[in-house]
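Enquirer: Could you have a look at this structure, given as structure tokens, before my questions?
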Amino acid sequence: MTRPPVPPARSGLPLDRRRFLGAALAATIADAAQAAGAANAAGTATSSAAEVDVVVVGAGAAGIAAARTLLAAGRSFLVLEARDRIGGRCVTDTALFGRPVDLGAHWIHAVDATPFAGHAAELGLGLIEARQDFTLYDGRRRLSGPDADAFGDAWEAFEQAILAAGRAQRDLSAAEVMPTGLGDWADTVAFALGPFGCAKDVEHISTVDFAAAVEYPQAFVTEGYGTLIARLAEGIPVGTGIPVTRIVRSGPRLAVETPRGTVSARAAIVTVSTDALAAGAVRFDPPLPADQEDALTGLSLGDYEHIFVELPQGALGLGPDEPVLLKRQGRRTLGLLANLGGSGLVMADAAGSFAADLARAGDRAAVAFALELVAQSFGADAVRRPGRSHVTRWRADPWIRGAFSCAEPGRARDRAILRRPVDERLRLAGEATHPSLWGSVGGAWAEGIRAATETLAAL
């Protein structure tokens, strides 16, 4: 989940060199497999031309975590990534604005339930505690006192209604339990708890799934969340630009097919997003069990896009990394994170059905809407001289096809179904399979470790 404000063992794996297998190293699958054997830490694992113990499909957080676990166990493995980079939905860009910018995941959710604080310290990366309250604006007026309290009361009433239904295992839509009497805060609270937190409108959010989520406390990585994941991937052999098209499991070994050849493996861990799998990005022969195929739809990805706009330093009169909610009627709104890392950069987040609407309108329309919204609360002078801008397009990415999973009403059980081993040789893993850290990098990381640990036991 991505909702910013309002509720472990450390892996000491020694990785001594960066070794991503890009185009130069992955000209053939045989080259990649041989490199995988050479890169395995213990130096005892063996690997013939295109044979490994385990193939990991996808080099996002789950894939990297699985690979680190396999590496520590001394098994031969290969990570195959369809894109030309690692990180999946957790990637930091430094070129667009001359500073680190997270194009996907930005908040570390439930930081105490993940190993990321420890990893960041080990790697010399900075961690900033995220604020757990919003700055509220109603037009040009910054709200405080009774006005802000009214928002807090509306938030709590709706959240408690969702939690009560979910904890009672009444798997309804959040919209069905939304209290009456929220007044003119109803739409703003629905945005905050719905699209801004879950990437879907409240009509498409399972109360049981929502109630299971763990989110707080939260933090930011100074150098970028994607930077942390990339640093944790150092030393892992990854073949980038190599999409896995089919996994055949009818023989004594799995045949993992790619445009560059076939890898023979004893087991595979697939960390591809639910929407990409549902669209046939990876085919399975024989197919996945019917209930797991159906679970991909029940755990579909929502829409969540960042609109970055560069404004003059201090234009908004807010502090660094200050979260802002705007009191608005209807669904045409954005959540703001002002002054990223103390800069003048604003991250305006579109989510749910309105994010899909903006994507159809195009990047220029999205940036124009963000500037219009900022001007309505901070004045025309604040946006008179905007600088560079950028709009993410996660829904259009063919290897991901959305933001993060959120169970549809009545479908919270699908996480356990998808988490179940397909068989002893094939497992699915990612944020969508975690029961409580779904929608987060931490959940994907934990699931990668879980799937690798189970695979090692099966081997």
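Computed from the coordinates by the stated procedures, all read-outs in this text should not be read as laboratory data. On a predicted model such as this, the values are computed, not experimentally measured, just so you know. As a convention, Cβ positions derive from the backbone with ideal geometry for all residues, glycine included, and neighbour counts pool all protein chains shown.
Enquirer: Tell me the volume per residue, in Å³, of the convex hull enclosing the alpha carbons of the range 215-352.
Expert: Given the Cα convex hull of the range 215-352, per-residue volume reads 190 Å³.
Enquirer: Which ordering of V256, V52 is given by a fewest-first count of other beta-carbon atoms within 10 Å?
Expert: Working: V256 27, V52 30.
Lowest to highest Cβ neighbour count: V256, V52.
Enquirer: Arrange the peptides 145-152, 376-383, 100-107 so that the one whose residues have, on average, the most other Cβ atoms within 10 Å appears first.
Expert: In decreasing order of mean packing, 145-152, 376-383, 100-107 become 100-107, 376-383, 145-152.
Enquirer: Determine how many Å³ per residue the convex hull of the Cα atoms of the chain encloses.
Expert: Residue-normalised Cα hull volume stands at 130 Å³.
Enquirer: Going by how many other beta carbons lie within 10 Å of each one, how would you line up H119, H434, fewest first?
Expert: H119, H434
Enquirer: Okay, next question. Under the rule of -39500 (n - 2.57) per DSSP H run of 4 or more residues, summed and divided by the residues of the chain, what mean residue ellipticity at 222 nm is obtained, to the nearest 500 deg cm²/dmol?
Expert: -9500 deg cm²/dmol
Enquirer: For the range 411-456, place one equal point scatterer on every Cα, skip the solvent, and apply the Debye formula. What is log10 of I(q)/I(0) at q = 0.25, 0.30, 0.32 Å⁻¹?
Expert: So the normalised log intensities work out to -0.83, -1.08, -1.16.
Enquirer: Give the peptides 120-132, 200-212 in descending order of average Cβ contacts within 10 Å, highest first.
Expert: Values: 120-132: 15.0, 200-212: 24.0.
Ranked by mean Cβ neighbours within 10 Å, highest first: 200-212, 120-132.
Enquirer: Per residue Cα convex hull volume for the range 145-212, in cubic angstrom?
Expert: In the range 145-212, the Cα convex hull volume per residue is 74 Å³.
Enquirer: On each of the three principal axes of the Cα atoms of the range 183-267, give max minus min coordinate, whole Å, ordered largest first.
Expert: Computed over the range 183-267, the largest-to-smallest principal extents equal 61, 36, 22 Å.
Enquirer: Another question, if that's okay. Give me the distance in nm between label points sitting 7 Å out from Cα along the Cα-to-Cβ direction at D423 and D84, one decimal.
Expert: 3.7
Enquirer: For the range 110-155, take N as its residue count and report Rg(C-alpha) divided by 2.2 N^0.38 Å.
Expert: So the range 110-155 has a normalised radius of gyration of 1.80.
Enquirer: Once each part is reduced to its C-alpha centroid, what is the distance from the range 293-342 to the range 131-183 in angstrom?
Expert: Result: 18 Å between the Cα centres.
Enquirer: List the cysteines of the chain that have no other Cys Cβ closer than 4.7 Å: which are they?
Expert: Here C90 come out as lacking a disulfide-compatible partner, given the Cβ-Cβ threshold of under 4.7 Å.
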